[in-house]
Amino acid sequence: DIQMTQSPSLLSASVGDRVTINCKASQNINKYLNWYQQKLGEAPKLLIYNTNNLQTGIPSRFSGSGSGTDYTLTISSLQPEDFGTYFCFQHNSWPLTFGSGTKLEIK
Amino acid sequence: EVQLVESGGGLVQPGRSLKLSCAASGFTFSDYNMAWVRQAPKKGLEWVATIIYDGSRTYYRDSVKGRFTISRDNAKSTLYLQMDSLRSEDTATYYCATHPFNNYWYFDFWGPGTMVTVSS
């Protein structure tokens, strides 16, 4: 199974900050990497698919990059509504696997 | 608008069975591959099973193989998950999700989830 390691596990930042969340796969996942945001009590929401493609309706302050085993989610200017937990996810091979999550708190 | 609504969750004893349903609307259900994803309380997300649009193929994570069965009724636009021989570690919120139409294996739309608690 491909292990997905996210860092940091907890992040506290202020409105307007530039924020980055990292995800490392245990092997090459060929850019089949997605990012999801989840708020308490809600289902996850797709933000970015295949490393750097913004899902319809997602603000352009969210962006993704990476290749091989290393991937990054960037929020260019943090907004109050961006709090929540962020998960990376690989769909390069079965079983499909998620990272353990990064909890983003707004200072 | 895509809508997915899960039902059938509840409290069940270890070793017993439960069947979840997911009613889909707002899209052509029979065109889409579908999946179940779960999340244990205060834990991360875990893919459980996937079924191809016409039901011809299924995929399972190892920990549920032989115990869970994913199926679908395209005439009723409904996805199912039959869960047998339940264990305490199956306790989770179970989400129904669509794989996108572009034949990738990520999830684009999710239901609100249904909670399954396995306890004596």
Output for Cβ contacts, cut-off 7 Å, separation at least six or different chains, first residue within 19 Å of residue A:10 (Cβ to Cβ) in region A:25-45, second of a type in the set (Gly, Ala, Ser), reads A:35/A:64; A:37/A:84; A:38/A:84; A:39/A:84
Scanning region B:38-55 for residues that are part of a loop (DSSP other than H, G, I, E, B) and not basic (Lys, Arg), the one surrounded by the most Cβ atoms within 10 Å (Cβ to Cβ) turns out to be B:53
Given (1) out of contact with any Leu (no Cβ under 7 Å at 6 or more places or on another chain); (2) assigned to a strand (DSSP E or B), residue A:77 misses just (2)
Screening A:28, A:50 for residues that are over 28 Å from residue B:111 (Cα atoms) and not acidic (Asp, Glu) leaves only A:28
field: Test for residue A:21: is it surrounded by 13 or more Cβ atoms within 10 Å (Cβ to Cβ) and not in a strand (DSSP E or B)
entry: no
Taking region A:41-63 and the residues there that are among the β-branched types (Val, Ile, Thr) and assigned to a loop (DSSP other than H, G, I, E, B), the one that is surrounded by the fewest Cβ atoms within 10 Å (Cβ to Cβ) would be A:56
The lone condition residue A:36 fails out of (1) out of contact with any Lys or Arg (no Cβ under 8 Å at 6 or more places or on another chain); (2) surrounded by 22 or more Cβ atoms within 10 Å (Cβ to Cβ); (3) within 12 Å of chain B (Cβ to nearest Cβ) is (1)
For region B:56-93 the number of residues that are open to solvent by 30 Å² or more (accessible area, probe 1.4 Å), over 16 Å from residue B:19 (Cβ atoms) and away from chain A (no Cβ under 12 Å) is 8
(Q) Criterion first (open to solvent by less than 70 Å² (accessible area, probe 1.4 Å) and at pLDDT 95 or above) does residue A:10 satisfy it? (A) no
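The values are calculated or read from the model by the stated rules, or taken from the named source; none is laboratory data. Bear in mind that the values here come from a model prediction, so they are computed numbers and not experimental data. Cβ atoms come from the backbone with ideal geometry, glycine included; neighbour counts cover every protein chain shown. All accessible areas refer to the heavy atoms of the entire protein, side chains included, with ligands and DNA or RNA removed. Shrake-Rupley method; radii C 1.70, N 1.55, O 1.52, S 1.80 Å.
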